[in-house]
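Written below as structure tokens is the structure these notes are about.
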Amino acid sequence: MISVTEALDALFALVAPLPSETVPLTEASGRILAKDAHATRNQPPFAASIMDGYAVPVAEVDTGDTFAIIGEAAAGHAFDGTLSVGQAIRIFTGAPLPDGAKRVVIQEDVTRNADTIMIGREIASALYIRASGADFKAGDALTAPRHLTPSDIALLAAMNHPTVEVTRKPVVAIIATGDELVQPGETPGPDQIIASNSYGLKALLEHHGAEVRLLPIARDNLASLELAFSLADGADLVVTIGGASVGDHDLVADAAASRGMERSFYKIAMRPGKPLMAGRLGSATMIGLPGNPVSAMVCGHVFVLPVLHKMLGLGAAPAKRQTAPLANDFPANGPREHYMRAQLKNGEVTVFERQDSALLTVLAEANCLCVRPPYAATAAKGETVEIIPL
């Protein structure tokens, strides 16, 4: 068996960042920016009024000062002229500041009589002018790689980018295996269960930027498995679930080998998830996950997501960890690194008592994995532990 760190290093060696593609800005949210995007203009492109009021040609005004109103400016409609001494224009929020203007006096600070305004007794000190380029300047960059959020999309639109260069979505083919499985909605036989791992992994990987193909369940015979592998042709990553152990019905390795898989490793010193394999399968990378539901999902977080992130150009790094104090005691760990379902609440981590790798209800209650090193001593309440947020 190899360690989790060794397995991740081997997996990272199997994949490379995918090429980029150009997509409309309307389709870029959630994608990974593959190339720096530079602003094509200043934002705002002109000095603008922050408030409704009156633009005047002096920066300092006093109570009783009067100005003659000679025009008006609104957003999208600039005043075509220059302010001179004693003049003002009515100006609205977002309107370009006219030539000669030094400040905006807000409408609450003046008294208007026909075409004349007089400054009131209490005057706000702010100039109420937003300078040209106050938000960003032409040439400023939104740097890659970056997971594009809705706020980023708004920024790219303001930078005048109708399209954006993003990393191509990795195509992931998921193959669930086993005679015991039927699809959700079907009626299982007395010795069958509902396939769940493939659906959970599909949701997880799609949430993190993959294009997922959910293939038909492969039965426990070489012909069915080889057919499933043939249906995965064209994928960047092939993920199998189950059949990766060494029992008489665990035939995934044999089926993959028959299609030329070059195996990189097999078996990890971790709980849950020991029977995990990986290698090259033609132009694709293959990861064989264990069949227990929790094992498959934990390995999805610990191994598949970091691989996916590297393919998306986000670098080669393990799942992010943080630390928190324990809310309860639990016993010493054995020789394998243990990824225990837990819940982080009110700044403390409660490790669930039941850690059976078949219990999806416990996984559904968890919002993190508590990571215990090999041979870790008994942990007491208040001790700091590492967790992986889910």
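Per residue, the Cα convex hull of segment 307-390 amounts to 112 Å³. In the chain, the calculated helix contribution to ellipticity at 222 nm averages -5000 deg cm²/dmol per residue, counting -39,500 (n - 2.57) for every DSSP H run with n ≥ 4. Taken along its principal axes, the alpha carbon cloud of segment 32-71 reaches lengths of 58, 20, 16 Å, longest axis first. In the chain, the longest principal axis of the Cα atoms and the axis of helix 222-231 are about 20 degrees apart.
In a reduced charge model with +1 at each Lys and Arg Cβ and -1 at each Asp and Glu Cβ, the chain shows a dipole moment near 620 debye about its Cα centre.
Charges were assigned to the Cβ only: +1 to each Lys and Arg, -1 to each Asp and Glu. The resulting dipole of segment 1-83 about its Cα centre is roughly 380 debye. For segment 36-108, the C-alpha radius of gyration divided by 2.2 N^0.38 Å, with N the number of residues, is 1.19. Placing +1 on each Lys and Arg Cβ and -1 on each Asp and Glu Cβ, with no other charges, gives segment 288-390 a dipole about its Cα centre of roughly 260 debye.
Computed 3J(HN,Hα) for segment 126-139, one whole-Hz value per residue from the Karplus formula 6.51 cos²θ - 1.76 cosθ + 1.60 where θ = phi - 60°, is 5, 7, 6, 10, 9, 5, 4, x, 5, 7, 7, 10, 3, x, glycine and proline marked x.
Restricting the calculation to Cα atoms, every distinct pair contributes to the Kirkwood radius of segment 182-288, found to be 14.7 Å.
Annotation: peptides 186-196, 370-380, ranked by per-residue average of other Cβ atoms within 10 Å with the highest first, follow the order 370-380, 186-196. Between the Cα long axis of helix 197-207 and the first principal axis of the chain there is an angle of about 20°, rounded to the nearest 10. Compactness of the chain is given as radius of gyration and Dmax, 30.9, 97 Å, from Cα positions.
Report note on the peptides 17-27, 53-63: ranked by the mean count of other C-beta atoms within 10 Å, highest first, their order is 53-63, 17-27. In segment 182-325, a dipole from Cβ-located charges (positive for Lys and Arg, negative for Asp and Glu) runs towards its positive end, and of L227, Q183, L308 it is L308 whose Cα lies farthest in that direction. Ordered from largest to smallest accessible area (heavy atoms of protein chains, 1.4 Å probe), the residues F67, F79, F92 come out as F92, F79, F67.
With the highest mean first, a sort of the peptides 175-182, 84-91 on other beta-carbon atoms found within 10 angstrom per residue produces 175-182, 84-91. The angle between the Cα long axis of helix 4-14 and the main principal axis of the chain comes to about 80°, on a 0 to 90 degree scale. How many percent of the alpha carbon pairs in segment 1-159 exceed a separation of 18 Å? Summing the P(r) of segment 1-159 above 18 Å gives 68 percent of all pairs.
Of the accessible area of the chain, computed with a 1.4 Å probe over protein heavy atoms only, carbon and sulfur atoms account for 51 percent.
The values are calculated or read from the model by the stated rules, or taken from the named source; none is laboratory data. Keep in mind that what you see is a predicted model, and the values were worked out from it rather than measured. When we count neighbours, we look across all protein chains shown, and the Cβ atoms used for this are built from the backbone with ideal geometry, even at glycine. What goes into the accessible areas is simple: the full protein's heavy atoms, side chains included, and nothing from ligands, DNA or RNA. Shrake-Rupley method; radii C 1.70, N 1.55, O 1.52, S 1.80 Å.
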